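Notes follow once the structure below has been shown.
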Amino acid sequence: MYLLAQGTALLGVSLAIVVGSGGSLLGRVLRVALVLFLATYATLADRWAEPWLRVAIALSGGVAGVVLGYGIGVEHAVAAGLTLRVAAGLLALLVGLCMMATGTATALRMLPGRYKVLVLLCVPFSIQFVLAPMVGAVAAANPMPGQLGDITPGDRGLVYDDVELRASGAVVRGWYIPSRNSAAVILVHDSGSTRSSMLSRAVALARHGYGVLLFDTRGNGLSTGEPMELGWSTDLDVRAAVSYVAERYDVSPSKIAVVGVGRGGEAALTAAASDERIAGVVVEGIGRRTPVDTLTLPFTPRGWLQAGVESMTYVSAAVLRQTFPPRSLRSAIKAVNPRPVLLIADEDSVLTSRVYGRASPSNVRVWELPTTPRGEAYTLHSADWEWYVTGFLARSLNPKWVPAQ
């Protein structure tokens, strides 16, 4: 294949730049060394390799370039613009596409006629169930950190403290608004954002006297650690936040609730399943967090197709992060029982919220907003949100009543 050696060398340099960011120094060095070793071997193999080995090198290198180039280069370019890592990722994507096309075309020329149809049929299947899930896993394992905004609770007229929490594997930083009714609420933002996105909700809860802790999940805002779009470690941050609030002089340890949006809500449920100090949970926009959760999809061809893709993504992300997925959300909701759970279902989560509600009907209440975009429940329904959520918290925490300001 023409220019295989040159393309492999260029791909190796690009991927070394892409994988050389994030994690420990030793991890970065090992990743870069591995990529350069494989690229060097593949480049030298062009001189002596048999045709089928050259095809295998082209296809495997092409897949690596497309997966890492799209999962990091394109995703980060959308969020942060052009950087050296983004440029390297986009170059790896371009070279990877060329290598995959060249490898596929060469394989088709070498194969007997009856096998060419099989190869052509395998291409869309591979894109759907291999490339797409792997790209999603790379993007989920290497998200852009959320950036903290400039507005603080003080700018909204609230007294607050800057806090620093020690979570497993991270230092979590946030704001705490003192309680005036002996109860406290921990707010957990969605992936790709920070505590700033929860400030309006905090103001609404503080009007009713609740203490409110807002924090940046690991890797976002001012918190340390490695971010992850799936939020598989965020429950550790939530439990550290519960420990902080439980030791506050202004809060009764039995009157702590968690309100989470998206991935933050899923982490809140997971934390509550193993931490009985959490007396109630409110979740906006719950989705699917593990391969087991994908089995809750409707039994339709489209549902099973989505389940297959998502399961491959979760498994790939687990391999990339060298960890296991957390417990399923259905299992977590059952474990939270009899403590109450309020699911606020937007347009993307109505069906899943109904499934989770049926899993534990005695303690789960679902508020459906089928025309509300993801994460916009408070923005579009602020008065109703405040009425529903504060009513739920009043029943769950039994706070000492104070008039709304």
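Structure data summary
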read-out	value
Computed lengthening from L25 to A383, 0.36 nm per intervening residue step minus Cα-Cα distance	124.0 nm
Phi to ³J(HN,Hα) by Karplus 6.51 cos²θ - 1.76 cosθ + 1.60 over the range 222-234, Hz, x for Gly, Pro	9, 8, 8, x, 9, x, 8, 4, 6, x, 5, 9, 5
Chymotrypsin sites (Phe, Trp or Tyr not before Pro) within the range 288-329, DSSP loop, no more than 12 other Cβ atoms inside 10 Å	F299
Nonlocal amide H pairs with S223, under 5 Å, H built at 1.01 Å	R173
Probe 1.4 Å, all protein chains present, accessible-area order of K334, K116, largest first	K334, K116
Residues with amide H under 5 Å from that of A167, placed H, sequence gap 5 or more	V172
Average Cα contact separation per residue, the range 1-118, under 8 Å, 6 or more apart, as relative contact order %	33 percent
Sequence-distant aspartates and glutamates (8 or more away, or on other chains) whose Cα lies within less than 17 Å of K400	D250
Dimensions (Å) - the range 182-222, Cα atoms, principal axes, largest first	31, 17, 14
Exposure of H381 as accessible area (Å², to 10), given a probe of 1.4 Å and all protein chains	50 Å²
Two-site label geometry, A132 and I151: point separation in nm, points 7 Å out along Cα→Cβ	3.8 nm
L44/C98 FRET efficiency (R0 25 Å; Cβ-Cβ; nearest 0.05)	0.80
Extension reserve of the D250-W52 stretch, reckoned as 0.36 nm per residue once the Cα distance is removed	64.2 nm
Inter-label distance for T371 and A335, nm, one decimal - labels placed 7 Å from Cα along Cα-to-Cβ	3.9 nm
Ellipticity estimate at 222 nm from DSSP helix runs (n ≥ 4, -39,500 (n - 2.57)) divided over the chain, nearest 500	-16500 deg cm²/dmol
C-alpha center-to-center spacing [the range 177-231, the range 120-138] in angstrom	37 Å
W304 versus S200: modelled label distance in nm, points set 7 Å from Cα along the beta carbon direction	4.2 nm
Amide hydrogen neighbours beyond the local backbone of W367, cut-off 5 Å, H modeled	L343, I344, A345
Length released on extending from V159 to R358, taking residue separation times 0.36 nm less the Cα-Cα span	67.6 nm
Rg/Rg_globular for the range 24-90, with Rg_globular taken as 2.2 N^0.38 Å and Rg from C-alpha atoms	1.33
Answer label, with semi-axes √(5λ) of the Cα gyration tensor in Å calculated from the coordinates and candidates (i) 35, 24, 21; (ii) 46, 23, 16; (iii) 33, 26, 24	(ii)
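The values are calculated or read from the model by the stated rules, or taken from the named source; none is laboratory data. None of the values given here were measured: they were computed from a predicted structure. Here Cβ is always computed from backbone atoms with ideal geometry, including for glycine, and neighbour counts include all displayed protein chains. Note: areas computed on protein heavy atoms with side chains; ligands, DNA, RNA excluded. Shrake-Rupley method; radii C 1.70, N 1.55, O 1.52, S 1.80 Å.
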